[in-house]
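Have a look at the structure below before the remarks.
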Amino acid sequence: MPDTMLAEAPVLPRPPMPIGRRSQIEAIRTLRRNPLEMYGPPAFELPVLEGRLLGRQRLLLNSPPAIRHVLLDAHEDYVRSPITRRLLRPILGQGLLLAEGAAWRHQRRTIAPAFAPRVMPMLARHIAAGAEEAVVALASRAARGEDVIDLHTTLRHLTLTIAGRSMFSLEMDAFGERLRALMHRYAERHVSPRMLDMLLPPAIPSPADIGRRAFQREWQAFMDGVIAAREGTPGEGRDLYDVLHAARDPETGEGFSREGLRDEISTLILAGHETTAVALFWSCYLAVLFPESQERIAAEAARADLSPEGAGAAFDALPEARAHLDEAMRLYPPAYLVVRMARKADTLPGPGTRVEEGALISMAPWVLHRHRTLWTDPERFDPSRFRPGAPPPDRFAYMPFGAGPRICVGARFALAEGVIVLARLLREFRLEFAGDPMVVPLGRVTTQPDRRVGFRLVRRG
């Protein structure tokens, strides 16, 4: 049964929903402004939406059997779209997220051991230590009268600190500001598609690609500097860099080249740092909207060992924090869109939709997680959907980390980080809004708030 505390649930933030058909020019403008505004009422009701954009068939899938077919059963016939590669390659290079075919299989086999269960205690220590230091710093700020904070920025700093330690055993003070500035610039200037980005074939650079290539040179030089700093510190077996540097493909014995290692680390930093920060932001936002959920997490966290030594076992002792985080990622999935291109004509199971060669297939967790045929009362915040004993959702209806062979390789680490940080924060502080809390979710690589929100942190007794 859903939580009784949610009977008078507040309205959750969401972008305006379009009504009626738009011209192709209007659709492209919407994509640039906020992709989440693309989805009107039919998207949340129908199993498949079919249309055309710039002459190419486009499908939005909300049917789990059809999604399973694209992401699992026939995944080699559905590849990253040219526009995805054009927009993300300057920052991710040839890393795991964009690789295809044999290159992807090599990278996946080689990287997977870095996130094996045996490695998690080491990673959990980094998470718990970072969370502890963040709480101490926030308490010090509150003691000085600075009790209103920009929590999204604070969480981005924290997840970057954890990423720096777990990946490089480095404090990110020397690199963090520059890294955040580069990532912000890329999201603001380079990741939104232009008309020519979609019209030109991949081999022909668009005018916007000139700026992206200049950024790529700057980004690669920066990452080379981070790696050089890490290589200048003694010790081994301390972090993900050591694991990846020593990793070998179990079938071929081949490791990563220096350029390949740089691209994988870039992918892990972008995918791990930014997505976890935004998942934590929405979790905290919802914790204020629903204070009973916040108090349940705080009570649970008070009984758990969240020290660096105990954090490895704490994850299983925090089911309330896990359920809250899972529900937050349902409503505000960090990765709001998955796109594939059909390499050949096909017919989808379930709806039986015919797929043209070259069609663009979209699976949008933003839509899928709110679909009226897949969820009961989908616009309602209800962590009981994910508590122990609740029936698990279809893995192709709930996919905050993707699904199929290309599911996020670091999902276990991201979940542990989100749960431990959320529990540690709410054990120490009661969160309140300071000022107007209304935001609009914005699709910018991840599901971002459209403005900064002030939070007040009240120290618990």
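The listed residues are Ala364, Ala359, and the only one of them that is surrounded by 19 or more Cβ atoms within 10 Å (Cβ to Cβ), closer than 17 Å to Pro441 by Cβ, modelled with pLDDT of 95 or more and not charged (D, E, K, R) turns out to be Ala364.
Scanning segment 36-90 for residues that are assigned to a helix (DSSP H, G or I) and small (Gly, Ala, Ser) yields Ala43, Ala66. For first residues located in segment 251-268 and more than 15 Å from Ala99 (Cα to Cα) and in contact (Cβ under 8 Å) with a residue 24 or more places away in the chain, partners that are among the small types (Gly, Ala, Ser) and part of a loop (DSSP other than H, G, I, E, B) and lie 6+ apart or on another chain with Cβ distances below 8 Å form the pairs Gly255/Ala247.
Among residues of segment 55-78 that are within 13 Å of Glu356 (Cβ to Cβ), those with a beta-carbon under 7 Å from a residue that is among the polar types (S, T, N, Q) and assigned to a strand (DSSP E or B) at least six positions away or on a different chain give the pairs Arg58/Ser362; Leu59/Ser362. The criterion of at least 3 residues that are surrounded by fewer than 14 Cβ atoms within 10 Å (Cβ to Cβ) and free of Cβ contacts under 8 Å to residues at least 60 places away in the same chain is met by the following helices (runs of 4 or more DSSP H) wholly inside segment 130-229: 176-189.
Exactly one residue out of Leu415, Leu442 is of a type outside the set (S, T, N, Q), in contact (Cβ under 8 Å) with a residue 60 or more places away in the chain, outside any helix (DSSP H, G or I) and under 29 Å from Tyr186 (Cα atoms): that is Leu442. The residue of segment 418-439 that is surrounded by the fewest Cβ atoms within 10 Å (Cβ to Cβ), among those that are of a type in the set (Lys, Arg) and either within 21 Å of the chain's Cα centre (by Cα) or assigned to a helix (DSSP H, G or I) (or both), is Arg427.
Of all residues in segment 245-260, none satisfies being at pLDDT below 80, surrounded by 10 or more Cβ atoms within 10 Å (Cβ to Cβ) and over 17 Å from Ala114 (Cβ atoms).
The number of residues in segment 83-129 that are among the basic types (Lys, Arg), surrounded by 17 or more Cβ atoms within 10 Å (Cβ to Cβ) and farther than 30 Å from Ala208 by Cα comes to 1. As a summary of the residue check, Arg194 satisfies the conditions (1) more than 30 Å from Gly358 (Cα to Cα); (2) modelled with pLDDT of 85 or more; (3) among the basic types (Lys, Arg) except for the one numbered (1).
Against the conditions (1) modelled with pLDDT of 95 or more; (2) crowded, with 19+ Cβ neighbours inside 10 Å, Glu295 satisfies every one except (2).
For segment 110-128, the set of residues classified as more than 21 Å from the chain's Cα centre (by Cα) and under 17 Å from Leu318 (Cβ atoms) consists of Pro121, Arg125, listed by residue number.
The values are calculated or read from the model by the stated rules, or taken from the named source; none is laboratory data. In this text, all values refer to a predicted model and were calculated from it rather than measured experimentally. Neighbour counts run over all protein chains shown; Cβ positions are idealised from the backbone, glycine included.
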